[in-house]
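The structure under discussion appears below in the form of structure tokens.
The values are calculated or read from the model by the stated rules, or taken from the named source; none is laboratory data. Remember, predicted model here, so these are calculated numbers, not experimental data. Heads up, the Cβs are rebuilt from the backbone with ideal geometry, glycines too, and the neighbour counts pull from every protein chain shown. Note: areas computed on protein heavy atoms with side chains; ligands, DNA, RNA excluded. Shrake-Rupley method; radii C 1.70, N 1.55, O 1.52, S 1.80 Å.
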Amino acid sequence: GAGVSQSPSNKVTEKGKDVELRCDPISGHTALYWYRQRLGQGLEFLIYFQGNSAPDKSGLPSDRFSAERTGESVSTLTIQRTQQEDSAVYLCASSLSGVRTDTQYFGPGTRLTVL
Amino acid sequence: EDKVVQSPLSLVVHEGDTVTLNCSYEVTNFRSLLWYKQEKKAPTFLFMLTSSGIEKKSGRLSSILDKKELFSILNITATQTGDSAVYLCAVGLIQGAQKLVFGQGTRLTINP
């Protein structure tokens, strides 16, 4: 496909369970970003991957959050022992190069609801 | 702390009106300012501005940056109901991580 894709589109889980969110970036995009958007709020940066460099994890809110990316392909964001405050839309974006351009292209997001 | 503030937070106008959305920023190592339109979940890119005083236009939308006063405006003329969305402003920083710092967004509603 031409755009960034994410799955699932919606996820409802119970407090304390682990969840895994997936992002497929645009082919050829070396940079990949995860953001969180709480209801009525702007986007909060979570983590950034650039090629094979060590990721920038400075936005991860707690050690319950982790993300992986293999090479320049799919990324997964894992939230362990989910809490109700984790409920949000999780957006993934990719860009051609993290150095050359700031234009990030966003996926449709995963709406996470923690009951 | 890097900060991006948008105003107003919410705006309701009639179809055909012209609107101006504001974005001010206080950041270290500014590199660019971006506007996005968010209708459901995925923000879609509108403009990227790096130089002061140069207007960017796309149809009825235009935007300009003032790096001295640290703000940008997004104008929409002859608004249509399809312009209803949340408009997000973000600032790109010259840092190791190419992350964007986002404002809280302006929710624009166009009534027929």
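Numbers for the structure displayed
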{"quantity": "For B:Cys23: the one exception among (1) within 25 Å of A:Pro108 (Cβ to Cβ); (2) away from every other protein chain (no Cβ under 13 Å); (3) part of a strand (DSSP E or B)", "calculated": "(2)"}
{"quantity": "Test: B:Asp17 is touching a strand residue (DSSP E or B) at 6+ places or on another chain (Cβ under 9 Å), without any contact (Cβ under 8 Å) to a residue 24 or more places away in the chain and open to solvent by 30 Å² or more (accessible area, probe 1.4 Å)", "calculated": "no"}
{"quantity": "Verdict on B:Arg60 being surrounded by fewer than 17 Cβ atoms within 10 Å (Cβ to Cβ), touching an Asp or Glu at 6+ places or on another chain (Cβ under 9 Å) and within 11 Å of chain A (Cβ to nearest Cβ)", "calculated": "no"}
{"quantity": "Test: residue in region A:59-68 that is in contact with a strand residue (DSSP E or B) (Cβ under 8 Å, 6 or more places away or on another chain), of a type in the set (S, T, N, Q) and within 25 Å of B:Leu34 (Cα to Cα)", "calculated": "no"}
{"quantity": "Boolean, A:Gly28 is over 11 Å from the mean Cα position of the chain (by Cα) and closer than 24 Å to B:Phe47 by Cβ", "calculated": "yes"}
{"quantity": "Residue under evaluation B:Lys41, criteria (1) more than 14 Å from chain A (Cβ to nearest Cβ); (2) part of a loop (DSSP other than H, G, I, E, B), criterion not met", "calculated": "(1)"}
{"quantity": "Hits in region B:20-33 (condition: over 17 Å from B:Arg60 (Cα atoms) and either surrounded by 13 or more Cβ atoms within 10 Å (Cβ to Cβ) or of a type outside the set (Val, Ile, Thr) (or both))", "calculated": "B:Cys23, B:Ser24, B:Tyr25, B:Glu26, B:Val27, B:Asn29, B:Phe30, B:Arg31, B:Ser32, B:Leu33"}
{"quantity": "Test result for B:Leu65, more than 11 Å from every other protein chain (Cβ to nearest Cβ) and closer than 22 Å to A:Leu43 by Cβ", "calculated": "yes"}
{"quantity": "Search result, residues across region B:63-112 that are part of a loop (DSSP other than H, G, I, E, B) and open to solvent by less than 30 Å² (accessible area, probe 1.4 Å)", "calculated": "B:Thr79, B:Ala97, B:Gln98, B:Gly103, B:Gly105"}
{"quantity": "Strands (runs of 3 or more DSSP E) within region A:1-105 that include 3 or more residues in contact (Cβ under 8 Å) with a residue 24 or more places away in the chain and at the interface with chain B (Cβ under 10 Å from one of its Cβ atoms)", "calculated": "A:31-37, A:43-50, A:88-95"}
